[in-house]
Amino acid sequence: MIQKILWPTDLSKNSLKAAKDVLSLAAKYRAQIILLYVGTDLASHFGGYAHDPGEHHLQHFRDWELQQARKKMKSICDAELKACPKLEIKLVEGDAATEILKMIQTEKIDLVVITTHGRGHEEVDQKSPVFGSVAEKVIRSSPVTVHLVNPYRD
């Protein structure tokens, strides 16, 4: 039985194309949707700055990024997911695939809905058989079913 659906999104044009599938599956199973955004962990990319006196600049950017993501996610929920009364927004920071896999465990997710390509592939050849790096990592390691959405098909 599917009770919880995880929809990880990087808020790109590609990733938002999963909305119809998410809504359809949630309606079919009367499932809760958890909409997940994973913010960039800049300290992991620029480790030397993590202990710098300018650390507050990194924190300011983190706060700003998550605030912008929350606004965009709210607008997506209002526009795309009105018919789903059981919706929860989660914002975390870190490596996208790692955080998605953690969320599957902590929230006891039954199904993940993700696009084959996100932000990093906005201009990729639409016929490419290769998945984006996050989708590939999630598919390989997920303990639950992953429903893939090809953002290049209508």
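In table form, for the structure just shown:
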| quantity | calculated |
| --- | --- |
| Scope the range 84-115; condition within 12 Å of Gln32 (Cα to Cα), at pLDDT 95 or above and charged (D, E, K, R); matching residues | Glu107, Lys108, Asp110 |
| Val138 being assigned to a helix (DSSP H, G or I), within 16 Å of Leu35 (Cβ to Cβ) and at pLDDT 90 or above | yes |
| Unmet requirement for Lys71, which otherwise passes all of (1) modelled with pLDDT under 65; (2) farther than 22 Å from Val138 by Cβ | (1) |
| Which numbered condition Leu81 misses (of (1) under 26 Å from Leu23 (Cα atoms); (2) at pLDDT below 80; (3) surrounded by fewer than 16 Cβ atoms within 10 Å (Cβ to Cβ)) | (3) |
| In the range 131-143, the residues that are buried (at least 18 other Cβ atoms within 10 Å of the Cβ) and farther than 13 Å from His117 by Cα | Ser142 |
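The values are calculated or read from the model by the stated rules, or taken from the named source; none is laboratory data. Predicted model only: the values in this text are computed from it and were never measured. Note: ideal-geometry Cβ built from the backbone for every residue, glycine included; neighbour counts use all protein chains shown.
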